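**Q** I have a structure here, written as structure tokens, and I will follow up with some questions on it.
What follows is calculated from the coordinates using simple rules that are stated; it is not laboratory data. What you see is a predicted model; the values in this text were computed from it and never measured. Cβ sites come from the backbone with ideal geometry, for glycine too, and all protein chains shown count toward neighbours.
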Amino acid sequence: MAETDSRPSNFIRQIIDKDISQGLHTNIQTRFPPEPNGYLHIGHAKSICLNFGIAEDYNGQCNLRFDDTNPEKEDIDYVNAIQQDVSWLGFDWHGEVRYSSNYFDQLHGFAVELINKGLAYVDFSSQEKMRELRGTLTEPGKNSPYRDTSVSENLALFEKMRNGEFKEGECLLRAKIDMSSDFMCMRDPALYRVRFAHHHQTGDKWCIYPMYDFTHCISDAIEGITHSLCTLEFQDNRRLYDWVLSHITIDTTPHQYEFSRLNLEYTVLSKRKLIQLVEENHVNGWDDPRMPTIAGLQRRGYTSASVREFCKRIGVTKMDNMVEMSMLEACLREELNSSAPRAMAVLEPLKIVIENYGDEEVENLTAANHPSDETMGSRSVPFSKEIYIEAEDFKEEANKKFKRLVLGKEVRLRNAYVIKAERVEKDQQGNITTVFCSYDKDTLGKDPADGRKVKGVIHWVSASRGVNAEIRLYDRLFSVPNPAGAEDFLGSINPDSLVIKQGVVEPSLIDAELQAPMQFERTGYFCKDKDSQDNKLVFNRAVGLRDTWAKMDQA
């Protein structure tokens, strides 16, 4: 799947075009500012593609900055994983990786400036008292009894906070704005809190940490960000950002623009819910192929190009909407249909014995790696007296619509011969264990000599040369389109989101590269998983050959 060269148009790019034409900016500077408290997901991919894509298209720069203001929930492993995800998506950040913690000294200085201007105070109210004074969406808040503390006393108290003389939760530094504001974020928001926590970048230098909203806008200003792009939930916060920047001494005042976040069917993108899935072992870690994390998508077999194409197709708007999972899956199918090499794998093996084939004979047949791309070359596939086919590809009796192997009739083996089912062997429960067949040795690569037509084609694997493999059939993690809207989202986990088969694959797959996508003929697109070992191959299904959920979605 080739990505088109034309630049996508959206309201943010129209704003940038206007800013450039009016001479407001000569160099476009964006940033991607994740908090390192979890793995990135497909929603973050949308933001990454937007910020880095704009920087590329306008010959600007995009910073990668970690807004690392909460050391209790952050981890260096998340920092490393996020950098890997951005690189995997195909983007390079400008200069060194940045951290908001790089600016802690400056942030502290700006807090002192606000105190000196009478615009910040140290509040010793309990959390319960603060909630009571905060008011509601329909009732204004009330001033804290500490709101009118003198500037000199607030400076001394804030210094004590920095020196670790107060306990965690004992006090906060708050902005003095307007407790009667219609916007809750403007009702004297917290700027600093006491935390005796080791920070992954600054170590134990600080025991007070700035709040995200105070830090975020100042970090943008320090870095000279021209267009600060955020999702719609930060729309009200823009008022606080503008207030902070207008009351401190700083040269740059970035403007924030909000766009709708990604909502994707059959999954959840709330970090809190994703953490719950991981910590309660509903999935096997952050990179579980059922997770909407970038690491999970990569492990499942998604390509960076397909994810970028998906982000391009969904666009950038101010309207919240739910995107169909089938759109993401279609982007992968379209790419892999033309780019993925083919291979044969049998997921539910049924033994076939070709009675008129030599007992010890093994032929190495040639199979094209792609049916319509000769440049992808070919491979050798061993053929022997005993082979495996899919159990569902054989029936003792069937109507004319069944184009596979039927007792007394013929079918073609992919890249091999025409065989005819002669008789079956069953176990005591009546289950078919073996199908005995004959083969026409003159049908390799050509139709039978007498002109009879064989319509069906099925895949197979040599029983003696095939390799046992664990096949993990991944599906949508949830069984309802909007699990986030359910009262108990865990109750809608799809019990069939992972089905494991013990299959057999052709021997060429021993050397398959990890996470390199391929098509198992007639089955779907798969990739070799990192759990594979020398004596145990593991393959993950990325997506089926067609959308099997389409009819269910319409029901």
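**Q** Can you give the Kirkwood hydrodynamic radius of region 348-459 from its Cα pairs, in Å with one decimal?
**A** Values: mean 1/r = 0.0670 Å⁻¹.
About 14.9 Å for region 348-459.
**Q** Hey, rough spin-label estimate for N59 and L514, points 7 angstrom out along Cα→Cβ, what's it come to in nanometres?
**A** Reported label-point gap for N59 and L514 is 4.1 nm.
**Q** Going down the table (K401/K530; K46/K167; K312/K536; K409/K528; K129/K273), which pairs top 31 Å between alpha carbons? The partial results should precede the final answer.
**A** Working: K401/K530 40 Å; K46/K167 40 Å; K312/K536 38 Å; K409/K528 36 Å; K129/K273 29 Å.
From K401/K530; K46/K167; K312/K536; K409/K528; K129/K273, over 31 Å: K401/K530; K46/K167; K312/K536; K409/K528.
**Q** What is the list of residues in region 195-222 whose amide nitrogen lies under 14 Å from a point 7 angstrom out from the Cα of E170, following Cα to Cβ?
**A** Under cut-off, by backbone N: 195-196, 207-208.
**Q** Report, in deg cm²/dmol and to the nearest 500, the calculated mean residue ellipticity at 222 nm for the chain, where each DSSP H run with n ≥ 4 adds -39500 (n - 2.57) and the sum is divided by the residue count. Walk me through the intermediate numbers first.
**A** Values: 13 runs with 141 residues, N = 555.
Mean residue ellipticity, 222 nm, calculated: -7500 deg cm²/dmol.
**Q** To continue, here is another question. How much length would be gained if the chain were fully extended between D447 and S9, taking 0.36 nm per residue of separation minus their Cα-Cα distance, in nm to one decimal?
**A** 152.4 nm is the gain from fully extending D447 to S9.
**Q** Give me the dipole magnitude in Debye, nearest 20, for region 217-291 about the Cα centre, with unit charges on the beta carbon: positive for Lys and Arg, negative for Asp and Glu. Intermediate results must be reported in sequence, preceding the final value.
**A** On the way: 7 positive and 12 negative charges, 35 e Å.
For this selection, approximately 160 debye.
**Q** What's the extension gain from S246 to N535 if we count 0.36 nm per residue and subtract their Cα-Cα distance?
**A** Details: separation 289, 0.36 × 289 = 104.04 nm, distance 6.43 nm.
Between S246 and N535, full extension yields an extra 97.6 nm.
**Q** Projecting each Cα onto the charge dipole of the chain (Lys/Arg +1, Asp/Glu -1 at the beta carbon, about the Cα centre), which of T30, A197, L155 comes out farthest on the positive side?
**A** Final value for the positive-end residue is T30.
**Q** A further question follows. Under unit Cβ charges (Lys, Arg +1; Asp, Glu -1), what dipole magnitude, rounded to 20 debye, does the chain have relative to its Cα centre? Working shown, then result.
**A** Working: 68 positive and 87 negative charges, 224 e Å.
It comes to approximately 1080 debye.
**Q** What size of dipole, in debye to the nearest 20, comes out for region 151-222 about its Cα centre when the only charges are +1 on Lys and Arg C-beta atoms and -1 on Asp and Glu C-beta atoms?
**A** Values: 9 positive and 11 negative charges, 36 e Å.
Computed charge dipole of region 151-222: roughly 180 debye.
**Q** As a footprinting exposure proxy, order T293, T434 by other Cβ within 10 Å, with the fewest listed first. Intermediate results must be reported in sequence, preceding the final value.
**A** Numbers: T293 27, T434 15.
Least crowded to most crowded, the residues run T434, T293.
**Q** Tell me which of G524, V480, Q502 sits at the most positive position along the dipole axis of region 467-554, charges placed on C-beta atoms (Lys, Arg +1; Asp, Glu -1).
**A** Sorting the options by dipole projection puts first G524.
**Q** Which order results if V454, V362, V435 are arranged by neighbouring Cβ count within 10 Å, fewest first? Mind dumping the intermediate values first?
**A** Values: V454 17, V362 13, V435 23.
By the 10 Å Cβ count, ascending, the order reads V362, V454, V435.
**Q** In nm, to one decimal, how far is the N163 label point from the K426 one, both placed 7 Å along Cα→Cβ?
**A** Rounded to a tenth, the inter-label distance reads 9.0 nm.
**Q** Only Cα pairs under 8 Å and at least 6 apart count here; give the relative contact order of region 175-231 as a rounded whole percent.
**A** Numbers: 44 pairs, mean separation 13.0, N = 57.
This gives 23 percent for region 175-231.
**Q** Within region 275-330, report the GluC sites (Glu not before Pro) that DSSP leaves as loop and that have at most 11 other Cβ atoms within 10 Å.
**A** Taking region 275-330 and a limit of 11 other Cβ atoms within 10 Å, the loop GluC sites (Glu not before Pro) found are E280.
**Q** Grab the beta carbon distance between H25 and A391, set R0 = 45 Å, and tell me the FRET efficiency rounded to 0.05. Mind dumping the intermediate values first?
**A** On the way: r = 64 Å, r/R0 = 1.42.
Efficiency, from the Cβ-Cβ distance: 0.10.
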